[in-house]
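So the structure is just underneath, and the comments pick up after that.
The values are calculated or read from the model by the stated rules, or taken from the named source; none is laboratory data. This is a predicted model, so every value here is computed, not measured. Neighbour counts are summed over all protein chains in view; Cβ atoms, including those assigned to glycine, are modelled from backbone coordinates with ideal geometry.
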Amino acid sequence: MMNLIRIATVFLVVTFCCHAGLAVAAQTSSPAWIWGTRDRAPGQVVTLSHPFHVRSAVARATMHLAADFTRCTVRLNQRPLAQLDEFAPWMQWDVTDRLVAGSNHISLHCTSGEGPAAVALSIEIIYADGSVVTVASGDDWKTDHGTAVSLGTVAQEYWDVSDLAKISPLEDYEQWRRASGADVGTDPATFVTEPGFQVDLIRSATADEGSWVSMALDSQGRITIARENKGLLRMTLSPDGKRVRQVETINDDLLECRGLLYAYDSLYANANNSKGLYRLRDTDNDDQFDEVELLREFPGQVGHGRNDLALGPDGLIYSIHGDSVELAIDNIHDRTSPLRAARQGQHSEEGHLIRTDRDGSRWELVASGLRNPFGIDFNDDGEVFTYDADNEYDMGSPWYRPTRIVQLFSGGDYGWRRKTNGQWPPYFPDHSDNALPTVDVGKGSPTAVKSGRHSSFPRHYQKAIFALDWAYGRILACHLAPRGAGYACRVQTFLAGRPLNVTDLEFDADGDMFVITGGRKTRSALYRIRYIGRETEIPEPTTQQIERQLYSQTSRERRRVLASLHQQRPVETLSQTWIYLDDTDPLIRNTARVAIEHQPVEQWRDMAIAEVSPERAATALLALARSGRLADYRVILQRLDAMDVKTLTAYGKLSVLHAYRLTLRNASLDPKVIDATHLRLLRWLSSETGAAVAPLGSGAVVREELARLIADREVPGAVTPLTEMLRTAHGQRERMNALYMLCHQPHGWTMDDRTLFFEALGELERTAFSGAGMPGRLKQIRDHAVGHLSAEERETLGALIQPTTLDQTPPKKVLRPQVRTWTLSDLVTALDDVATPGDARRGEALFRDVLCASCHRVAGRGGVLGPDLSSVAARFSTRDILASIVTPSDVIAEKYLSVQVVTTDGKIVSGQIITGGDYRSSTLRLATDPLDPAKVVEIPKQDIQLHRPSDVSPMPEGLLDTLTAADIADLLAFLTQQH
């Protein structure tokens, strides 16, 4: 019995590690930064390539790619995979379906930009037997003229941690509720964290101490804690920091202080429910705050409200607000662009960053366009960061933006606007005049952030930003690598617990981390996290690190100088700013454009129209289009139509497309001119959607925005390229995006297009991973599409245009007599004896009759529960294809694994996770029969004791046993033909 308990305990720990996103297996070795030469200069063209061998079918293959200061085209096995610009995010892709058994080849065709160009790449290959092989960039890679030059190994914290922050569908969003009825804080022995760290529970809140939402340390090291309801507590720790020896109430009036800051012999408090920023002072030196002064009132609602405070390196006090707080306009200098809608008298609900001096006498709006950023802090470069919330209602849709770490800078508009009417179509928040996030994190519920510069943790954590995820009970470590005026970032889960609804964190004078839990009237607790591991050696900086750091220091200073121009300046400053409108760094380009937009349009209109540099003209014409001067739209359109977009970066193309969007809305333009522009846009889309176009990266973003503009304009001829996008879509987001764009097109459809559309929509209705808004959005897509049908089309399509539900009758397998129990060797022999070539048309019918199409897609049609088989012949031999059908459990691609769940009452259930419905649901849904989606078991997530991947494929065995050898030859002919 003791052995069984030990086994179960080990299983539980491993399960929780995977559940929380923490590493349980050895990490992939880091690749090297490589380039063609040690000395790098702008405009160098370098091809880096490497062959590698895959010994058998793989369960998963993941590519990581970091490309610094270089445009890069990635080809895998001679097929384009991705196109990246100089400042594209460090990327990760699942390339399982791109590898072939035997010889493979990866190549990177690069053109260097202004900074120290280099690339780093790894492909982690996991085989069915669990073995792992890594292909990594190094000096054994080839170039056009010899071998690659290594510029140093990528630091481990920047590699192979991005997956570790992702939330599993098994994770319980409602875990925080477990703290509601708890008597004490969660036992830290149940937490999972990185090696070398110790977590201690210092104090659990008593019943009269309320639930805690924020904290700050005063100059004596005492901890001030804000209660969720009202008032402030002050806790004095014992000398060893292991317990709280005194608790006192120091304020009992301020309502829900979400932000606390000790500065200038005062305590500043963002009192959310009191709707203002307050300063508390001890004027009579009795160690109590006898003066409470309102520095500024911030009207509005309180949900996404007045949040955290931080002291900037400039000595100003920074306050961050959610989108429930009204944008301040009185007695304030607004550093955001005067061309923003909110500056033009339009009502706008958006989170924002504001700052003031110690007395609250001077105020500035620094940045806007956020949803609900709760925390704020500065790193050791003096840059300010927050962790912004997603809109969980939109989960799974093309316009969903995940939680994100955001570097905030002067004039930045991050694109969020609260939806006030809920009408269709929804607002797409991201376009080229938005400031970019540092990194998208994924699902979560952001609260506080704090720079690791305050800590005594190992060096790489001192460079990180720590961010709290309240709902999922996690502390994230966001590792920042300087990259131009901004940063590249990798995110890992640093600590996780259940429940651990973390609300704030601070570092004390010794560099230990203190964390509090609370919110929504839950039981609160105070924890201390210390590093007790061995001192870590600080490795010598690599060539790439040194050169990137030097280049980034220059870039940050350049951006700060441009930000100082975010006000009206003498006209001479225009020429100093104008030259940066074509900078390859999006942060610098954005900052320069905002500086231009602060100047009267009359001063720079002619410069924008006359600009000959395509990249600079793209930004300048966008600025002019944003000014909303209808008299300029005709000439803007002429200049846009005359541009050679092929020479532009992805960012330049996006600027042109957004300028088109703003300009084409002018109803007074000549219809013939508009028709000519529409035709040009269609030709452009055709060039972006060909077979030789990379499906991932910056090019894919341009292609999507171009298609969306054409769809919104209902351009004649749009259906054909949009249908091709649907046919070749990868994953739910791309499919829904294509469906959304197509549903508005009134003309140009064939019946085959209509059939493909409604088949894809029905599949999405059955399988969509989604937030609460998904069912309504899918209904709107269907209603729009059906509204465009003629009576004849409705009759022809029949039941296909009716909504699809999970519990409807599944397709029935065509009854056939048993032929024989096929083995692989029998099949190979029998197929050799088939006299005639297989009939692909008959094979397509068999593909449906034996229910292969219930789970697999070919050429855009079919199910999504199994791998897409459109290009299976390019990756596998006929024997491999047969083996995967006859013995499907031998090799199961990781993303199609079933899961086996053990509940607290001992039940064992296996099936595929159904991710439809609101991801915040406290219930896990498992489809236990892949051929009958209606067979669903629901399990409360709080009842899940253990879970593990199933080693049994959801694909049934014996699928070929009712087919003759000639039938199987027909089926293979269909699968292996060019789709």
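Got a number for residues in the range 293-330 being in contact with a Pro (Cβ under 6 Å, 6 or more places away or on another chain) and modelled with pLDDT of 95 or more? Count: 1.
With respect to being assigned to a loop (DSSP other than H, G, I, E, B), within 30 Å of Val149 (Cα to Cα) and not charged (D, E, K, R), Pro570 falls outside the description. At least 1 residues being touching a helix residue (DSSP H, G or I) at 6+ places or on another chain (Cβ under 8 Å) and basic (Lys, Arg) is the threshold, and among the strands (runs of 3 or more DSSP E) wholly inside the range 189-248 those reaching it are 223-227.
Within the range 536-548, track down each residue that is surrounded by 16 or more Cβ atoms within 10 Å (Cβ to Cβ) and either aliphatic (A, V, I, L, M) or not in a loop (DSSP other than H, G, I, E, B) (or both).
Here is the first cut: in the range 536-548, the ones surrounded by 16 or more Cβ atoms within 10 Å (Cβ to Cβ) are 542-545, 547-548.
Result: Thr543, Gln544, Gln545, Glu547, Arg548.
Evaluating Arg735 against the criteria (1) within 29 Å of Glu765 (Cα to Cα); (2) in a loop (DSSP other than H, G, I, E, B); (3) not hydrophobic (A, V, I, L, M, F, W, C) leaves one unmet condition, (2). Counting only helices (runs of 4 or more DSSP H) that sit completely within the range 830-913, those holding 3 or more residues that are closer than 30 Å to His105 by Cα and in contact (Cβ under 8 Å) with a residue 12 or more places away in the chain correspond to 872-875, 878-886. Each residue in the range 271-302 was checked for being farther than 26 Å from Leu365 by Cα and either touching a strand residue (DSSP E or B) at 6+ places or on another chain (Cβ under 7 Å) or in a strand (DSSP E or B) (or both), and 4 pass.
Residues in the range 342-369 that are over 21 Å from Pro446 (Cβ atoms), at pLDDT 95 or above and either of a type outside the set (Phe, Trp, Tyr) or surrounded by fewer than 19 Cβ atoms within 10 Å (Cβ to Cβ) (or both): Thr356, Asp357, Arg358, Asp359, Gly360, Ser361, Arg362, Glu364, Leu365. Of the residues making up the range 141-169, those that are modelled with pLDDT of 85 or more and assigned to a loop (DSSP other than H, G, I, E, B) are Trp141, Asp144, His145, Ala148, Val154, Ala155, Trp159. Looking at the structure I just gave you, is Ala772 within 27 Å of Val936 (Cα to Cα), not assigned by TED's automatic domain parsing to the domain that holds Gln78 and not in a helix (DSSP H, G or I)? In short, yes.
When we screen Ala216, Ala207 for residues that are of a type in the set (Gly, Ala, Ser), more than 30 Å from Val46 (Cα to Cα) and without any contact (Cβ under 8 Å) to a residue 60 or more places away in the chain, the only hit is Ala207.
When we screen Ser337, Ser410, Ser324 for residues that are farther than 21 Å from Ala485 by Cβ and hydroxyl-bearing (Ser, Thr, Tyr), the only hit is Ser324. With respect to (1) out of contact with any strand residue (DSSP E or B) (no Cβ under 8 Å at 6 or more places or on another chain); (2) of a type in the set (Gly, Ala, Ser); (3) surrounded by fewer than 16 Cβ atoms within 10 Å (Cβ to Cβ), the lone exception for Ala772 is condition (1).
So if I check each of Leu581, Leu562, which one is part of a helix (DSSP H, G or I) and under 30 Å from the mean Cα position of the chain (by Cα)?
Answer to the selection: Leu562.
Per-residue answers, yes or no, for (1) among the charged types (D, E, K, R); (2) assigned by TED's automatic domain parsing to the domain that holds Arg703; (3) in contact with a Ser or Thr (Cβ under 6 Å, 6 or more places away or on another chain); (4) assigned to a helix (DSSP H, G or I):
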position	(1), (2), (3), (4)
Arg766	yes, yes, yes, yes
Gly776	no, yes, no, yes
Arg782	yes, yes, no, yes
Ala785	no, yes, no, yes
Glu795	yes, yes, no, yes
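Against the list (1) part of a loop (DSSP other than H, G, I, E, B); (2) modelled with pLDDT of 95 or more; (3) in contact with a Leu (Cβ under 7 Å, 6 or more places away or on another chain), the condition Asn372 fails is (3).
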